[in-house]
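Just so it is clear, none of the values below were taken in a lab; they were calculated from the coordinates. These numbers come from a predicted model, not from an experiment. Cβ atoms come from the backbone with ideal geometry, glycine included; neighbour counts cover every protein chain shown.
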C-alpha cells in the first residue's frame, strides 16, 4: 500500500515537473464577433511588432520582404479579410522581386515549385493576377501559374520537393479554376492520383513517407476538398504498400479525416514532431472549413468539450499574438513559450479567417473567384439543409431523393464542392440503388485563363482599396521627407507613395509629385543594380587572397571607389566589404614594399656611386701628397 | 658608409613589409598562430554518391559532386569574436570560391540565415528528402546557423543528406539547417 502511494505521488510530481507551464484549454463556443475580435487583435499585435501600431499591416518591413515566407502569408491573410491596407504596394514590390529573381538560373527557386505557388496565392489575395506579373528575361510577362504548375515539369518535376509541390500546385490550379492547356505536363488528372498515392496506412499523409503528420494530412485535405463530391474513381499505386488501389477522393479524404480525428489531443489541438503546437491545429481548422465541417458540432473533432478552435485559442496570448508551443522547442529557438511568435500568429490569422468565411458563407480560403450570387448561395444553403433534413428523417423515399439530386445537378459543376451535405445524398442514392449520374468534377474545373483575384471586405470596413483614394497632406509630407538622392532604404516608401498618387482622384492637386517619384524609383533601382554588380565583382576578383597582387590594384581600387560613392545604408548591402578593405590594404602594402624596395635600391646605387666617387677622389688627392714628400726628401 | 649601403641592399632584397599596426592586423587576421582561437570547417556530400539515381540530371558531374564527396576538406580558420556558424561558412566558401546561395535572416521565418545551396547542390537536388545539414562537434543543433555562436576548437561539418538526416546520423526532426 505504502509503495503504491509513493508511486502515485512520485508520478504526479513527475507530471508537474515535466509540464509546469502546461495550459489547459477551456471550452468556449466562440461567436462570430469574438472571432472577428481575435483576428483584429492579431493584426494589432503584428502592427505593434513592426513598430507600426497606427499604420498598416503591410509595413515597410513586410514590403521589403515581399515574395518571401516572412511577408507573403500575412499579406495573404490581409487580402482574404479584405482589410484596407497597402496591398497595391505589395503587388508592386512583389513584381519587382519576381522580375529580379527571374534573372537568375533557377528563377524563383532552384528546386521548389512552392515559391511560385505561395506568391501566386498572395498576389490573388490582394486582387492581382498571377498569370501576368513581372517580366522575364525575354521581356514577356510572367505567368506564375504556368511556370509553377502546369509547365513546371519543363524545368523540374512538380513533385521534386515531395508532396508539398503537388498539394500547393493543385491548390493554385483550383484557386481560380484555372484552365490547363493541351500541352500541360501536369494537370488535375495527373496531380490528384499522385497525391492520393501518398496516403499512408493509417490514412494520414507525411513528409517522409513514413511518419504521419497532421499538418501534411490537413494540407492534403485542403487540396483535395474541391473534389470531395466527385464520383470519379482514380487508379494508382499506393506508395505505402506498393499495391494498385482504386479509390475516389471522398474515400481517401474520409480516411484522412478519421486519422485526424484520432490524432486530436484532449485540448482540441494537434501535435507534430513530438510537440503540441498552434500551427498544426490551424491547418486542421482550414481543412475542416474547406469541407464545410462545423468545428463546433462535428463530434469527430471534439474531444471532451474541446474543439479545434479551443485548441487554437489555447495558444493565444494577452497581447493578441499566438505562441508556437508551450514546450521550449530546441529546433525552433526563436519560438519562445512565453512570447508571441510570428509564424504561429500568421497561421492563426488565416485559419481564423478561413473559419470566419465559413461562418458568413463566403468562398473558402483558397477560392479566389468572385463571390457567388445571393441566389446561388441561397439555393446551395437550402439544398444542404434539405439533404440533412431528409437524412435525419429516417424516411428516405425515392422521389425525394431524386428531386434533391435534380437540384444538385443544377448547381454549376465548379461550385458543387460547396454542397457540403452531398456525401449524405450520395449515400442515400447508393443505398436506394438509384443511379448517380453526376459528372466528374475534375474535368469541369478548367475554366479560367486569367483575371484578378476577388477581394471581399469581410468586416465591412469600407475598403475600396485605392479606387477612390485621395492623396492627403500627410502623404505629401511623407513624400517631402524623401531626400533628393534616396538610398535603397527608401524604396518601399517610394513605391507606396507612387501607388497612392497614381490612383488618387485628386492627383492634379499635387503636380509633379508622380513624375518625381518615378524618377526616384528609377534612380534607386539603378543603385540596387550597382550594388548587385559590385557584389558580383567582389566575388570574382578578391579570392583567394593569396593570389592577389599588384596587377589587381586597378580593379580593387575601382571597387573601393564605387563602394565609397554609395551612401552608408547602401554600403551595408555590399557583401564582403571587410574583405575588400583587406584586399586593398594587402595590395597597397605590396605596392608600398615594392616602391620602397626600388627607392632603396636606387638610394643604394646612389650611395655606392657616391662612395666610389669619394674613394676615387681620395686616391687622387693622396697621390700628390706622396709626390710632395718624395720631392722634399730628394732635395 | 659601406655598412649603410649593405643594410639598404639587404632590406630591398628581402622586401620586408612595412605596415602600420592596423594594416598588419587586417591583412594577417586569418593567420593561425599558437595562441589563436580556431575552428575547423568541412563540407561533404558523400550521401549523394549512394543516391546518384535521385540526383538532378544537370548535377551529374564531378564539379558538383566530387568523386570523394569532399567539397571542402577539413580546414582551420581563425575564430573571430562573435563568429556564428554562418560567418565561418561564408568566409570559407568565399575564400575558396565555392558557390553558395543563402536566404538572409530578414527573409527567413526562423530569423536565421538559411543555406539554400552549396556548390550548386540545393535542397531537393537529390530527391525530396535531401538538403544541407550542419553539425557542431558531432551533434546536430537543429536550428539556424546564424544563431549558433562558435567557441574555440569547435568542429563544424556541413553534410548533405538524401534522407531527412537519417543517412548522416541526424534525427528526423532536424530538417532545416
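Using a ≥ b ≥ c from the Cα gyration tensor of segment A:294-440 (square roots of the eigenvalues), is it rounded, prolate or oblate, where a/c under 1.5 gives rounded and otherwise the larger of a/b and b/c decides, a/b for prolate? Because a/c hits 1.5 or more and a/b exceeds b/c, segment A:294-440 counts as prolate.
Between the helical axis of A:69-81 and the longest alpha-carbon principal axis of chain A there is an angle of about 40 degrees.
Would you work out the relative contact order for chain A, in percent, from Cα pairs under 8 angstrom that are 6 or more residues apart?
Details: 881 pairs, mean separation 87.5, N = 635.
It rounds to 14 percent for chain A.
For chain B, the longest principal axis of the Cα atoms and the long axis of helix B:85-95 meet at an angle of about 60 degrees. Computed over chain B with a Gaussian network model linking Cα atoms closer than 10 Å, the most mobile of B:55, B:150, B:19 is B:19.
Helix A:114-125 axis versus longest C-alpha principal axis of chain A: approximately 70°, rounded to the nearest ten. Note on the protein assembly as shown: helix-only mean residue ellipticity at 222 nm, from DSSP H runs of 4+ residues weighted -39500 (n - 2.57) and normalised by residue number, equals -14500 deg cm²/dmol.
Give the calculated FRET efficiency between residue A:297 and residue A:435 to the nearest 0.05, with a Förster radius of 41 Å applied to their Cβ-Cβ distance. Provide the component values of the computation, followed by the final result.
Numbers: r = 32 Å, r/R0 = 0.78.
Given R0 = 41 Å and the Cβ-Cβ separation, E is 0.80.
Normalised by 2.2 N^0.38 Å, where N counts its residues, the alpha-carbon radius of gyration of segment B:33-168 equals 1.03. Relative contact order for segment A:56-179: 23 percent, from Cα pairs under 8 Å spaced at least 6 residues apart, divided by residue count. Largest GNM mean-square fluctuation across B:99, B:120, B:28, computed for chain B with C-alpha springs under 10 Å, falls on B:28.
Hey, how much of the P(r) for the protein assembly as shown falls beyond 37 Å, as a percent of Cα pairs? Please list the in-between numbers first.
Details: 175672 of 329266 pairs.
Counting every Cα pair in the protein assembly as shown, those more than 37 Å apart make up 53 percent.
Work out the mean other chain Cβ neighbour count within 10 Å for the residues of A:106-119 and drop it here as an integer.
Numbers: counts 5, 0, 0, 7, 10, 11, 4, 1, 0, 0, 0, 0, 0, 0.
The mean count of partner-chain Cβ atoms within 10 Å per residue comes to 3.
Could you grab the relative contact order for chain B? Cα pairs under 8 Å, six or more apart, rounded to a whole percent.
Numbers: 300 pairs, mean separation 43.2, N = 177.
Normalised by residue count, the contact order of chain B is 24 percent.
Classify segment A:374-445 as rounded, prolate or oblate, taking a ≥ b ≥ c as the square roots of the eigenvalues of its Cα gyration tensor: rounded when a/c is under 1.5, otherwise prolate if a/b is larger than b/c and oblate if not. Since a/c reaches 1.5 but b/c is at least a/b, the shape of segment A:374-445 is classed as oblate.
Return the percentage of antiparallel bridges among DSSP beta bridges fully within chain A, rounded to the nearest 5 %.
Details: 12 of 14 bridges.
Roughly 85 percent of the DSSP beta bridges within chain A come out antiparallel.
State the antiparallel share, in %, of DSSP beta bridges confined to chain B, rounding to the nearest 5. Bridges in chain B that DSSP calls antiparallel: roughly 75 percent.
For the residues B:98, B:71, B:48, a GNM of chain B with alpha-carbon springs under 10 Å puts the largest fluctuation on B:98.
I need the shape label for segment A:256-372. Rule: rounded when a/c is under 1.5, else prolate if a/b > b/c, else oblate, with a, b, c from the alpha carbon gyration tensor. Here segment A:256-372 falls in the oblate category.
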